[in-house]
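Please read the structure below before turning to the comments.
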Amino acid sequence: MTPAGVALVLCGAVALYAGVRVALEPDTLRKLPFLNVFSFAITGVIALLLPHPLGIVAAAAYFVGSTLESNAIASTFAGGLERG
Amino acid sequence: MNETVMIMLAALVVLGCVLAIRESDPYRKLIALSLIVGGTIPFIVDRGLLDVAVAVALIFPLSTIFILMACPGGEP
Amino acid sequence: MTPEFLLGLFLILAGTVGTAFPRPKTYLNRLINLEIPGIGILLVMLSYNEALALLTYGGVSALSVFIFVRVLQKREAKT
């Protein structure tokens, strides 16, 4: 197995472990750090999957979008967004 | 794609689907939905459709933020 | 019979059943469960290599979610 394949399987294992931890966590606010770990691992999988220059752009786009989504969920859950 | 990674991502999508249907709190459902989208995007990248992957990765968080506009306020 | 096709069919079936019978029967839960068949349709389109259809469907899906949220807010404001 090539070193890139080993790194890919390792990123997939981290993503699977983080997903199981998200599923088994009873507290909602404690789920969000594991969601961040999951999104980092998926970013690694996307970047390592294809040796193409646009793959880095796709990984960066997913990273930005997933971080924004996680922050929006946490901000609304904590009541930081003052709405009418 | 590597077979092991593909099986792991498919397991993540199935886990997120079961979790999103069985939960009752909207915030927990949104977290499970994020799990499904994260498992789906590497399948798009594997086909070589990288521009589609960029578009989907930027549009789905926007959809989640739209749903969050209708959520009731969480715990104070 | 690629894995994307089978995964998309599973997501469409499970999401449709979850949308028809949500656990607490509120509009918000129904709207969130409606996102699951959308991702399933995306995967089925992916298994046929339709790039333009994927781009268009991804854009229109977010727009339809925005319209549903506006309808839901207007109904909540009325009652």
Original post:
Can you tell which of B:Leu12, B:Leu33 is of a type in the set (A, V, I, L, M), under 21 Å from A:Ala78 (Cα atoms) and in contact with a helix residue (DSSP H, G or I) (Cβ under 6 Å, 6 or more places away or on another chain)?
Top reply: B:Leu33
Subject >> Given (1) facing chain B (nearest Cβ under 7 Å); (2) closer than 18 Å to B:Ile36 by Cβ, number of the condition A:Val20 does not satisfy >> reply: (1)
Original post:
Residue check: is A:Phe63 closer than 24 Å to B:Val18 by Cβ and surrounded by 14 or more Cβ atoms within 10 Å (Cβ to Cβ)?
Top reply: no
Original post:
Got a number for residues in region A:15-58 being crowded, with 18+ Cβ neighbours inside 10 Å and among the β-branched types (Val, Ile, Thr)?
Top reply: 5
**OP:** Go over the candidates A:Leu35, A:Leu16 one by one and state the one that is within 15 Å of B:Leu68 (Cβ to Cβ) and either hydrophobic (A, V, I, L, M, F, W, C) or touching a Pro at 6+ places or on another chain (Cβ under 7 Å) (or both).
**Re:** A:Leu35
Subject >> The one condition in (1) more than 7 Å from chain B (Cβ to nearest Cβ); (2) farther than 27 Å from B:Ile7 by Cβ; (3) among the hydroxyl-bearing types (Ser, Thr, Tyr) that A:Ser70 fails to fulfil >> reply: (2)
**OP:** State yes or no: is C:Gly8 closer than 20 Å to B:Ile65 by Cβ, at pLDDT 90 or above, of a type in the set (Gly, Ala, Ser) and surrounded by 14 or more Cβ atoms within 10 Å (Cβ to Cβ)?
**Re:** no
Original post:
Among the candidates B:Val45, B:Val37, B:Val54, which residue alone is surrounded by 24 or more Cβ atoms within 10 Å (Cβ to Cβ), more than 11 Å from the chain's Cα centre (by Cα) and hydrophobic (A, V, I, L, M, F, W, C)?
Top reply: B:Val45
Original post:
Counting just the residues of region C:65-75 that are more than 8 Å from B:Ala70 (Cβ to Cβ) and without any contact (Cβ under 8 Å) to a residue 12 or more places away in the chain, which one comes out surrounded by the most Cβ atoms within 10 Å (Cβ to Cβ)?
Top reply: C:Phe66
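The values are calculated or read from the model by the stated rules, or taken from the named source; none is laboratory data. This one's a predicted model, so the numbers in the text were calculated from it and none came from an experiment. Cβ atoms come from the backbone with ideal geometry, glycine included; neighbour counts cover every protein chain shown.
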